[in-house]
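Q: Quick one: this structure, given as structure tokens, is what I'll be asking you about.
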Amino acid sequence: MRKLTIFITIILFSVSAASVDAKQVSKYFKKADYENEVDSLREKFGANKLIPEQYEVEILIALSYFPELKDVHILFMPKKLKTTMACRPGADAIIASKQNRIYRIFINNHIKTKDGINYDDVPFNARIGLIGHELGHVVDYMQKSMVRIIGNGIAYVLSDSYRKAFEADVDQIAVEHGLGWQLYAFSHFVWNKADVDESYLEFKEDNYPSPNRFRTWLKEHPELYPLKTIEKTFGG
């Protein structure tokens, strides 16, 4: 079943992944390099989006790697959560067609303890990877009926192995869209830089890919991530 899921994911997104020009894939984004391009990015990728002003630059950069979401309604909303970000279809999705659904991506900038990671504490480049992961969820939801989404949600809650496989599949969507370096940056930050409790690290290990897994995924897509850059970064 796991192999079938991966195969279907690859088929569904190979076209959009292939459309990403390797020259456009960036290893490292700096906010200062894009602050003068916000108006242009907003015009190209901000339609039908609600974006908090303080997070607009990184969100628009991430959206630029998901051209199929150009006209999709997505609301980016600060909210207190148990995790740093989360994506949910809106309540209207039960009756709305796939084309007219509204998706909500929640940003948690309320965490004040070591039990999690406050979005505001995440480095800019890693934020783009984190946002890319949530956009991967939107892409995944767009392919599914609400009945299937609800079924997936139940399995997500009840099965640890399903949850980890599901999150890995979503990460692969973002990797194939060109944000692999940013996903690795966030994973590396969580495992090596963030000031969090051991229990939170165990939660991440149980539910999300490790930095080493992202290294492998990067190597699997040399058309996006040149092997010379990978070898220079990681050695060998």
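Q: Taking a probe of 1.4 angstrom, what is the accessible area of S159 in Å², to the nearest 10?
A: 40 Å²
Q: Now for a separate question. Going toward the positive end of the dipole of the chain, with +1 on Lys and Arg Cβ and -1 on Asp and Glu Cβ, which of I230, M146, Y103 do you reach last?
A: Towards the positive end, the residue furthest out is M146.
Q: With each label point set 7 Å from Cα along the Cα-Cβ vector, what nm distance links K219 and D120?
A: Each label point is offset 7 Å from its Cα along the Cβ direction, giving 4.0 nm.
Q: Write down the percent of antiparallel bridges among all DSSP beta bridges whose residues are both part of the chain, to the nearest 5.
A: Percent antiparallel among DSSP bridges in the chain is about 40.
Q: Looking at G136, P123, N36, which one has the Cα that reaches farthest to the positive end of the dipole of the chain (charges on Cβ: Lys, Arg +1; Asp, Glu -1)?
A: Projecting each Cα onto the dipole axis, the largest value belongs to G136.
Q: Given a 1.4 Å probe and the protein chains all in place, what does the accessible area of K70 round to, in Å² to the nearest 10?
A: Answer for K70: close to 100 Å² accessible.
Q: What net charge do the residues around D92 carry, taking every other residue with its C-beta under 15 Å from that of D92, with Lys and Arg at +1 and Asp and Glu at -1?
A: The answer is +4.
Q: Can you work out the accessible area per residue across the chain, with the rest of the protein chains kept in place, probe 1.4 Å, in square angstrom?
A: Result: 52 Å² of accessible area for each residue.
Q: Now for a different question. All other residues with a Cβ under 12 Å from the Cβ of Y119 taken together, and with Lys, Arg as +1 and Asp, Glu as -1, what is their net charge?
A: Net charge around Y119: -1.
Q: Restricting to region 55-180, compute how many DSSP beta bridges are antiparallel as a %, nearest 5.
A: Antiparallel: roughly 45 percent of the beta bridges in region 55-180.
Q: Could I ask something else about it? If you roll a 1.4 Å probe over region 163-236 with all protein chains in place, what percent of the accessible area is carbon or sulfur?
A: Its accessible area is 49 percent carbon and sulfur atoms.
Q: Separate question: Counting only the heavy atoms of the protein chains, how much of M85 is accessible to a 1.4 Å probe, in Å² to the nearest 10?
A: Answer for M85: close to 10 Å² accessible.
Q: Pick out, from W217, M85, S26, the residue whose Cα sits farthest towards the positive end of the charge dipole of the chain, with +1 on the Cβ of Lys and Arg and -1 on the Cβ of Asp and Glu.
A: The listed residue farthest towards the positive side: W217.
Q: Convert 4 °C to kelvin, take the viscosity as 1.567 mPa s, use the Kirkwood radius over C-alpha pairs of region 111-232 as Rh, and evaluate the Stokes-Einstein diffusion coefficient in µm²/s, rounded to a whole number.
A: The diffusion coefficient I find is 85 µm²/s.
Q: Pairs K114/K204; K204/K228; K27/K114; K27/K228: which are spaced more than 21 Å apart, C-alpha to C-alpha?
A: Among K114/K204; K204/K228; K27/K114; K27/K228, the Cα-Cα distance tops 21 Å for K204/K228; K27/K114.
The values are calculated or read from the model by the stated rules, or taken from the named source; none is laboratory data. None of these values were measured; they are calculated from a predicted model. Virtual Cβ from ideal backbone geometry, glycine too; neighbours counted across all protein chains shown. All accessible areas refer to the heavy atoms of the entire protein, side chains included, with ligands and DNA or RNA removed. Shrake-Rupley method; radii C 1.70, N 1.55, O 1.52, S 1.80 Å.
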